[in-house]
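Remarks on the structure that follows.
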Amino acid sequence: MKFVADFHIHSRYSRATSRHMDLENLDKWARIKGIKVLGTGDFSHPEWFKSLKEKLEPAEIGLFKLKKQDNGTRFILTNEISCIYSKKGRVRKIHILIFSPSFEAAEKINVQLSWIGNLKADGRPILGLDAKELAKIVLNASEDCLVVPSHAWTPWFSIFGSKSGFDSIEECFEEYSKYIYALETGLSSDPLMNWRLSALDKITLISNSDAHSGPKLGREANVFDTELSYQSIIGAIKTKNPQKFLYTIEFFPEEGKYHYDGHRNCEIRLSPKETKKYNGICPVCGKPLTIGVLNRVEELADRKEGFIPERAIPFKSLVPLEEIIADALGCSTGTKGVEKEYKNLIEKLGSEFNILLEVPPENLQTVTLPEISEAIIRVRKGKVVKEPGYDGVYGKIKIFSSGERKKDSFKQKTLF
């Protein structure tokens, strides 16, 4: 069975997260997006865990569905933990995504973690716990659990982050490295960048949205062709089987908010070469620059750009549908015109992923404006202009130039 999965999300109990991130709304947005298997996120939070147990019931082995209103969405138990600790003379800040095959295993993990920190404070708890020790706790709860370093390259909170990370999986997890089967690439990197490190050849690269609101679900995701069960999904990840793990869906990494180096307050954005020219110092304020993902990959890479290892899981780079519509209309996301056309496309053509990936061009042209169908086709072909993000500022992906839009006299008023 071919399906889309997004494992890393957050509930309404996480900081800076929409109050609408409850199970009913997650189910609704999963169907709009075309996501079959969705992570629960935050299972360590007592109130969210209680809600999960009350509102979900077993479906296929290791997967769950809403009670009394099965709309087809399947939930898989996941949680992100923020580990902040000292190791080898440095403060380390590592985010870890964990998967559990059952409520029983998740409860064992929660009990252990509650002895270390306050799980009620945040859906993504901050614990003074070595990442290796977290792996030990999780795998002792069940050998079927999976431990995955989150957004592996972001500067502040990741395994390879320039500010507080490590230079290798082994340095971080030591003897538990053999149980690390996957890394999450994060919004600011894609598989092509990760393939430059030969040390990651044995690692499966997964991609997830890290969504804090319903509309952000699926901005990155994974496409499988397996039986619908926890064991089949985790097995496809562990074995890195391209017949079962078909591809990942990625941001263009330039759109991520840590792709380039820079200083947000100084509005300085620099490529790795430019950063080297300034010796890593901001030319405006004279303080050290925030070193982004691309620079950090360059630092650790032992291969040239463009290398593709054997048995690599392919990927497709996309732009969220709302952003495509907004670019085509020359306006911002969140406007009434964009919202109206988004609903129109979903109602007539199905889920967002179906529209972005599957619907033939001639079908697109029959239900929407020519500039919108053209924009979707251009994104499929990678014909976009990229303005890299830096130091917490999201990048921009542009499909049409302002001159092109003016020349073609795009007729927006038909939407209004």
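Structure summary
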quantity	calculated
Segment Arg90-Asp225, extension gain: residue separation times 0.36 nm, minus the distance between their alpha carbons	44.4 nm
Segment Gln69-Lys340, length gained on full extension (0.36 nm per residue, minus Cα span)	94.8 nm
Additional length obtainable on full extension of the chain from Lys287 to Glu299, 0.36 nm per residue less Cα span	2.3 nm
Residue-wise HN-Hα coupling along segment 265-277, computed from phi with Karplus coefficients 6.51, -1.76, 1.60 (Hz; x: Gly, Pro)	5, 8, 6, 9, 10, 9, 6, x, 5, 5, 4, 4, 4
Cα gyration tensor, the chain - rounded (a/c under 1.5), prolate or oblate	oblate
Segment 189-262 and segment 143-171: distance between their alpha carbon centers, rounded to Å	15 Å
Within-13-Å neighbourhood charge of Leu66 [Cβ basis; K, R +1; D, E -1]	+2
Those lysines that a straight Cα-Cα span of less than 17 Å connects to Lys383, excepting residues fewer than 8 apart in one chain	Lys316, Lys396, Lys398
GNM flexibility winner over the chain from Gly334, Gly186, Gly62 (Cα, springs under 10 Å)	Gly334
Computed [θ] at 222 nm, helices only, for the chain once each DSSP H run of length n ≥ 4 contributes -39500 (n - 2.57)	-8500 deg cm²/dmol
Highest to lowest packing among 18-27, 67-76, scored as the average C-beta count within 10 Å	18-27, 67-76
Packing-based ranking, highest mean first, of 94-103, 261-270, 298-307 given that Cβ atoms within 10 Å are counted	94-103, 261-270, 298-307
Compactness relative to 2.2 N^0.38 Å, alpha carbon Rg of segment 52-110	1.54
Positive dipole terminus of the chain, leading residue within Pro288, Val319, Trp115 (C-beta point charges)	Pro288
Label-to-label distance, nm, for residues given as Glu47 and Thr366 (7 Å Cα→Cβ offset)	4.9 nm
Choice from Gly39, Gly235, Gly218 showing the highest fluctuation, given a GNM over the chain with Cα pairs closer than 10 Å	Gly235
Global form of segment 235-316, assessed from the alpha-carbon gyration tensor, a/c cut-off 1.5	prolate
Dipole magnitude of segment 208-339, debye to nearest 20 (Cβ charges: Lys/Arg +1, Asp/Glu -1, about Cα centre)	380 debye
Using θ = phi - 60° and Karplus 6.51 cos²θ - 1.76 cosθ + 1.60, couplings along segment 248-255 (whole Hz; Gly, Pro as x)	9, 9, 10, 4, 5, x, 4, 6
Calculated FRET value between Glu104 and Arg264, using beta carbons and R₀ = 56 Å, to 0.05	0.80
Average projection area in nm² (convex hull over Cα atoms of segment 306-398, one quarter of hull surface)	7.7 nm²
Dipole moment magnitude, nearest 20 debye, the chain about Cα centre, only Lys, Arg, Asp, Glu C-beta charged	800 debye
Placed amide H near Phe252: partners under 5 Å, 5+ positions off or other chain	Leu318
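Every number in this text was worked out from the coordinates using simple rules, so none of it is lab data. Predicted, not measured: the structure shown is a model, and the values here were computed from it. We place every Cβ from the backbone using ideal geometry, glycine too, and count neighbours over all the protein chains shown.
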